[in-house]
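Read the figures in this text as sums done on the coordinates, not as results from a lab. Note that the structure is a prediction, hence the values are computed from the model and not measured. So basically every Cβ, Gly included, is an ideal-geometry build from the backbone, and we count neighbours across all protein chains shown.
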Amino acid sequence: MSEQDKPWGPATQALRTGHRRTAEREHAEPIFTTSSFVFESAEQAADCFANETGEVNIYSRFTNPTVACFEERLAALEGADRAVATSSGMAAILSVCMAFLNQGDEIVCSRSVFGSTIGLFGRFMARFGISVHFVDLQDLSAWEAACNDKTRLLFAETPSNPLCELADLEALSALAKKRGLRLVVDNCFCTPALQKPLALGADIVVHSATKYLDGQGRMLGGAVVGNDKDMAEVFGVVRTAGPCMSPFNAWVFLKGLETLKLRMQAHSANALKLAQWLQQQPGVAAVHYAGLPEHPQHELAKKQMRDFGGVLSFAMQGGREAAWKLVNATQMLSITANLGDAKTTITHPATTTHARLTPEARAAAGISEGLLRVAVGLEDIEDIQADLARGFSA
């Protein structure tokens, strides 16, 4: 094998994979902002609609060169056969459900997932006769006990939102394979720059591209990643039901992927410094970040992650009153529930991202009234600390 024939490394993949230059010989990936594509003849149109090989573009709901470039690049970074882009992260999860679940089927899901994921599974899927069992993310015996002959999917988010708990992906994968199930992993917090669930045995990865894949809080988007057979089923849902990604959004995500590795390294470095600083602050009852040696799953994090990510949470003594006072005293941090942005964001999960859960469900998930989540951005760490210090002084 010659030097130029060797597979590209991830940094090169993030910049080059999927781009096929047009006759205009452009350097950057073009944006194909068109709803449909013109055929050379009636015969070609009939053949394309009959076969839909993807070699000729038909309609941007399901064939668009810019979206295809993003899909190919993300699949390469995750080490997957194929990716299917969607309009949001929740659209990605919904598409997985529609592709692989029938009435009477069941899901086993961690309690420690995004609040909207809990709402989708527990409320809307239930309308179609699909049941969900929520279990402790770390308790493998609970996962196994919740499985039965109706179970079809295991769903985990790792690290979890917002407590940074981890699933042992190799152990969950072994359980899924033993039971003939699909393991679906939300890789939003890590991205393929820090964690590759498919390499650890997962069957399907879902992303909210809105977060770190973009990296600057500009666009909504999502993706499902996996093997060709499974992705053909997911693509069938997206093609027919239409929760697809727009070409412009796909182009923005392509630009985000170009700097993903560098950004995730910088986010992780800032987050570790902030977590260590928070441990020293009065009024902090606990800091949740897998990069801390005190984290109960620190060794597992070192085993299955390249770094520890940019999201952490900490619990304030004094409950909601103390937490809100701290948030309101900050001047630079963005008070928003979004994460994965170059700008640091702070939110109170119990009244934002997890507000729709019952108090009992929040308690079961470990979401206390004093808990705050910080998605650590790329500002100078001293400035982030100084802004939070205003909150502690309040």
Roughly how many debye, to the nearest 20, is the charge dipole of the range 206-321 about its Cα centre, given +1 on each Lys and Arg Cβ, -1 on each Asp and Glu Cβ, and no other charges? 220 debye
Proximal aspartates and glutamates relative to Lys196, as straight alpha-carbon distance under 14 Å, when same-chain residues fewer than 8 apart are discounted: Glu78, Asp81, Glu157, Asp168, Glu170, Asp186, Asp307
Lysine-lysine proximity count for the range 260-393, Cα under 20 Å, sequence distance 8 or more or distinct chains: 6
With Cα atoms, 0 to 90° folded angle of helix 65-78 axis to the chain main axis: 50 degrees
With unit charges on the beta carbon (Lys/Arg positive, Asp/Glu negative), name the residue among Leu312, Ala285, Ala361 whose Cα is farthest towards the positive pole of the charge dipole of the range 260-393. Ala361
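Hey, what number do you get for the chain at 222 nm if only DSSP H runs of n ≥ 4 count, each worth -39500 (n - 2.57), divided across all residues, to the nearest 500?
-11500 deg cm²/dmol
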How far, in nm, would the chain grow between Thr351 and Ala23 when pulled straight, counting 0.36 nm per residue and subtracting the alpha carbon separation? 112.8 nm
Degrees, to the nearest 10: 260-278 long Cα axis against longest axis of the chain: 10 degrees
Where does each of 73-81, 363-371 land if you order them by average Cβ count within 10 Å, highest first? 73-81, 363-371
In nanometres, the difference between 0.36 nm per residue of separation and the alpha-carbon distance of Ala364 and Asp383 is 3.4 nm
log10 I(q)/I(0) for the range 3-258, Debye formula on C-alpha points only (no solvent), q = 0.07, 0.11, 0.13 Å⁻¹, two decimals, reads -0.25, -0.60, -0.82
Short version: ³J(HN,Hα) in whole Hz for each residue of the range 190-204, in order, from phi by Karplus 6.51 cos²θ - 1.76 cosθ + 1.60 (θ = phi - 60°), x for Gly and Pro, what are they? 9, 6, x, 5, 10, 7, 10, x, 5, 5, 9, x, 5, 8, 9
FRET E, pair Phe49, Met332, Förster distance 56 Å, beta-carbon r, rounded to 0.05: 0.55
Order these by the 10 Å Cβ neighbour count, fewest first: His267, His27, His295, His133. His27, His133, His295, His267
Per-pair calculated FRET efficiency, R0 = 35 Å: Ala171 and Gln265 via Cβ, rounded to 0.05: 0.80
